[in-house]
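Following: one structure in structure tokens, then a few remarks.
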Amino acid sequence: MRFRDLILAAFLSLSCCISVSAQSKFTVGTATAAPGQKSTGYLEVPAGVDPATNIPVVVINGAKPGKILALVSGAHGTEYTSIIAIEKLINALDPAQVAGIVILVPLVNIASFEQKVPHVNPTDNKSMNRFYPGKADGTQTERASFLITKQIIDRCDFLIDYHGGDLDESLRPYAYWGPTGREEQDRISKEMVLAFGLDHIIIWRERPTDPAATRYLDNTTSVRGKPSIVVEAGHAGTVESDDLALLVNGTLSTMRALKILPGDPHPIENPVWIEKLADVLADGPGIWYPLVKRGSYVSAGMKLGAITDYFGKLIAEPRAPVSGVVLHVNAVPSLKKGDNIADLGVVAAHAP
């Protein structure tokens with residue numbers, strides 16, 4: 001056999017293997033699904049310096065070959081709207097309609113959800129979206145992040161990270177898009193965020209680039225060369241139908257853009273692009289009386305609200321450091337030093 005024929009035979013053999021592989025069983029944690037099947041299971045985080053935990057995971061193996069999309073929610077277990085959105089997608093997605101594989105993780109932070117603790121994992125008091133890529137021998141948050149990195153991030157082609165307003169955050173819906181400077185990757189991630197359809201998009205440029213200290217779920221995915229976005233809806237721990245619809249319908253539209261579902265996406269045409277964020281933090285404890293609402297626009301120097309001591313004496317009147325839109329504002333009267341009073345977004349002069 002001539003050398004060219006040998007190369008051709010090897011190529012055909014490899015193509016056959018790839019085709020078979022695309023139609024084989026797929027396992028994440030204890031969930032295994034054959035083509036055309038949906039399977040539930042757990043990412044089993046072993047015990048270490050603190051207790052073990054099991055993170056629910058669902059694998060939908062499509063009837064047709066294609067790419068792998070990961071949908072991950074519940075890093076903060078009281079951001080309920082995003083968790084319920086993934087729960088609804090688990091039941092709504094039909095493997096017969098799916099091309100490729102969809103991995104769904106509805107609730108990363110079980111302890112936060114069950115104990116109603118915002119922002120952190122009460123087991124080790126760490127945010128479950130700040131310690132990627134994780135450590136195999138770290139605390140529970142770090143071990144969970146390590147397992148998610150190995151089992152999901154390293155194996156998917158695209159990822160969507162879901163968040164929303166925690167118990168103390170009155171938040172208007174928005175998304176994050178983090179350009180990397182890699183033209184094709186950025187083109188796809190931008191297509192994803194536009195297809196999702198949220199009308200305010202934060203351009204997240206200043207992000208960690210060290211693969212050993214990427215911190216965030218979506219950033220860890222992006223640094224590894226895979227398009228990813230962050231989406232947020234829901235406010236102050238509520239689950240309202242309009243916020244839920246934004247996340248569910250946005251996911252379906254993005255899946256159509258990625259050719260994982262049939263049909264056409266419905267991208268947002270003229271979103272508001274946010275080029276900079278400004279956090280307003282509390283100097284100390286007190287009682288918060290807001291004067292602005294989520295989604296309102298403020299001018300630099302405008303009064304955002306008042307803080308009194310526990311006897312009703314005025315001790316501070318926080319003001320907007322920049323002009324922009326109120327992306328979220330503290331939703332409860334309680335304040336301690338360092339709490340986020342408000343998060344303001346500065347509107348970009350031009351679309352990226």
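Rule-based calculations on the coordinates, nothing more; no lab input. Because the structure is a prediction, the values reported are computed rather than measured. When we count neighbours, we look across all protein chains shown, and the Cβ atoms used for this are built from the backbone with ideal geometry, even at glycine.
Tell me, what does the Kirkwood hydrodynamic radius of the chain come to in angstroms if you use every pair of distinct C-alpha atoms?
On the way: mean 1/r = 0.0467 Å⁻¹.
About 21.4 Å for the chain.
Debye sum, Cα scatterers, segment 278-347, no solvent: what log₁₀ I/I(0) at q = 0.12, 0.24 1/Å?
-0.26, -1.00
What distance in nm separates the simple spin-label points at A349 and L314, each placed 7 Å from Cα in the Cβ direction?
Distance between the two pseudo-spin positions: 3.7 nm.
K150 versus K293, label points 7 Å from Cα toward the beta carbon: distance in nm?
The two pseudo-label positions are separated by 4.9 nm.
Could you tell me which of the pairs K226/K276; K190/K303; K150/K276 are separated by over 29 angstrom between their Cα atoms in the structure shown? Don't jump to the answer; show the numbers that get you there.
Working: K226/K276 24 Å; K190/K303 35 Å; K150/K276 32 Å.
K190/K303; K150/K276, as the Cα separations exceed 29 Å there.
For the chain, with a Gaussian network of springs between Cα atoms less than 10 Å apart, report the residue from G286, G77, G134 with the top mean-square fluctuation.
Result for the chain, Cα springs under 10 Å: G286 fluctuates most.
Please check which bits of segment 59-84 a label hung off T30 would reach, taking the label as a point 7 Å along Cα-to-C-beta and the cut-off as backbone N under 15 Å.
What the label zone holds, given the 15 Å backbone N cut-off, is 59.
Return the whole-Å distance between the Cα centroid of segment 97-129 and the Cα centroid of segment 187-209.
Centre-to-centre distance over Cα atoms comes out at 22 Å.
How large is the direction-averaged shadow of the alpha-carbon convex hull of segment 88-176, in nm²?
Answer in nm², one decimal: 7.2.
Which residues does a label at A212 reach in segment 124-155, if reach means a backbone N under 17 Å from a point 7 Å past the Cα toward the Cβ?
131-138, 146
Using θ = phi - 60° and the Karplus curve 6.51 cos²θ - 1.76 cosθ + 1.60, what whole-Hz ³J(HN,Hα) does each residue of segment 188-201 get, with Gly and Pro shown as x?
Going residue by residue, I get 5, 5, 5, 4, 4, 5, 5, 5, 4, x, 5, 8, 10, 10 Hz, with x marking Gly and Pro.
Pairs of alpha-carbon atoms within less than 8 angstrom and 6+ residues apart define the contacts here; what relative contact order does segment 152-264 have, in percent? Mind showing how you got there, number by number?
Working: 193 pairs, mean separation 43.3, N = 113.
The normalised contact order for segment 152-264 reaches 38 percent.
Could you give the alpha-carbon Rg of segment 32-161 over 2.2 N^0.38 Å, rounded to two decimals?
Details: Rg = 14.6 Å, N = 130, 2.2 N^0.38 = 14.0 Å.
The value comes to 1.04.
If you restrict to DSSP beta bridges whose two residues both lie in the chain, what percentage is antiparallel, to the nearest 5? Provide the component values of the computation, followed by the final result.
Working: 46 of 67 bridges.
Around 70 percent antiparallel, to the nearest 5.
Quick check on the exposure proxy: order T221, T238 from fewest to most C-beta atoms within 10 angstrom. Mind showing how you got there, number by number?
Numbers: T221 29, T238 14.
Result, fewest neighbours first: T238, T221.
Enumerate the aspartates and glutamates that K259 could reach by cross-link, defined here as Cα to Cα under 14 Å, with residues fewer than 8 away along the same chain left out.
Here the aspartates and glutamates satisfying the reach criterion relative to K259 are D157, E191.
Treat each spin label as a single point 7 Å out from the Cα along the C-beta direction, and report the E240 to D264 distance in nm.
Computed distance between label sites E240 and D264 equals 3.1 nm.
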